[in-house]
Amino acid sequence: MSSEVVLLGFLSILPWGFFLILLFPGKHTPQRVFLIILALFLGYLSTEIVLKLHPIFWPDVKMAAPKRSGHILTQTAHIAFIQAGMMEEFCKGILILFSGLLLAFDWRDYTFRKEMVLIGGFVALGFAGIENTNYIFSAKEEDRIAMFVGRTVRSSNAHFLINLCFALAFVKSNLRAAKDRPLYLFLAFLLAVAQHGLFNFFVIPQSRFGGWLSSALFIGIWVWIVKDFRTFITENEILDDTSVQAEILDETRETT
């Protein structure tokens, strides 16, 4: 694999990473830089886990060119929601969860810190960067720039949005009673699988109409994330209000 391909793979995630760093509030301390680098590595690690698990669950199916049998709709749905959506989101999600508990969880108050968003966003970008690099490498030399642009605008964006939405759910779960949080986060995982599956279901047939549907889907998710990001991360009007936070924690203790 040439250095040009590796560079294109890195550049395919650079705009989204810059966007998140630019908008994330507070000073970017060495601890935060370490968190970002670790999250990128975990994104790479999640691709390795997917590659190891895939031949175990589907030994007769090639990841690069899955063979379809049966009805085209059922096979497309299986590839989109199960082979890609559930497998990839589980591998990324479990790493986001464990790294968040270690590095972005306040064990005194049992609340997730807003750094969960950095973890989720950069795990997604680490995964997307490796995936994009492989796709660019597999493309014909004359098609690599077009592949780079497509992966940057669509695929990196998709992974980024899905896992930002998932990571924001951890921060939002601070407003839930302790007994309700596991179900809330499980539903957030199912939402990530559904979002990933819908995106793939629309783009796998490579039709213009499917491309429009996938674009409409992620415009809607962008609006949702921008709203939540402003409320829970940038302004953080609820979680940074100590009086409101104390009331929430008191209610949580009472219910437990």
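If R₀ is 30 angstrom, what is the calculated FRET efficiency for the pair Phe41 and Leu213, using the beta carbon separation as r and rounding to 0.05? Computed FRET efficiency for Phe41 and Leu213: 0.35. Per-residue packing, averaged as other Cβ atoms within 10 Å, sorts the ranges 108-121, 144-157 into the order 108-121, 144-157, beginning with the highest.
With the simple model of a label 7 Å out from the Cα in the direction of the Cβ, Ile82 to Ser138 spans 2.0 nm. Nonpolar atom fraction for the range 88-218, defined as the carbon and sulfur part of the 1.4 Å probe accessible area, stands at 66 percent.
Full extension of the chain between Tyr184 and Arg230 gives 14.5 nm of extra length, using 0.36 nm per residue less the Cα-Cα distance. The label point for Leu7 and the one for Ile94, both projected 7 Å from the Cα toward the Cβ, are 3.7 nm apart.
Give, in whole angstrom and from largest to smallest, the semi-axes √(5λ) of the equivalent ellipsoid of the range 148-231, with λ running over the eigenvalues of the Cα gyration tensor.
Its equivalent ellipsoid spans semi-axes of 27, 13, 10 Å.
For the range 16-57, what is the Kirkwood hydrodynamic radius in Å, using each pair of distinct C-alpha atoms? Every distinct Cα pair counted, the radius reaches 12.1 Å. One way to sum up the overall shape of the range 113-159 is the equivalent ellipsoid from its Cα gyration tensor, whose semi-axes run 26, 9, 5 Å, largest first.
The values are calculated or read from the model by the stated rules, or taken from the named source; none is laboratory data. These numbers come from a predicted model, not from an experiment. Every residue, glycine as well, gets a Cβ built from its backbone with ideal geometry; the counts of neighbours run over all protein chains shown. Calculation scope for accessible area: heavy atoms of the full protein, side chains included, ligands and nucleic acids excluded. Shrake-Rupley method; radii C 1.70, N 1.55, O 1.52, S 1.80 Å.
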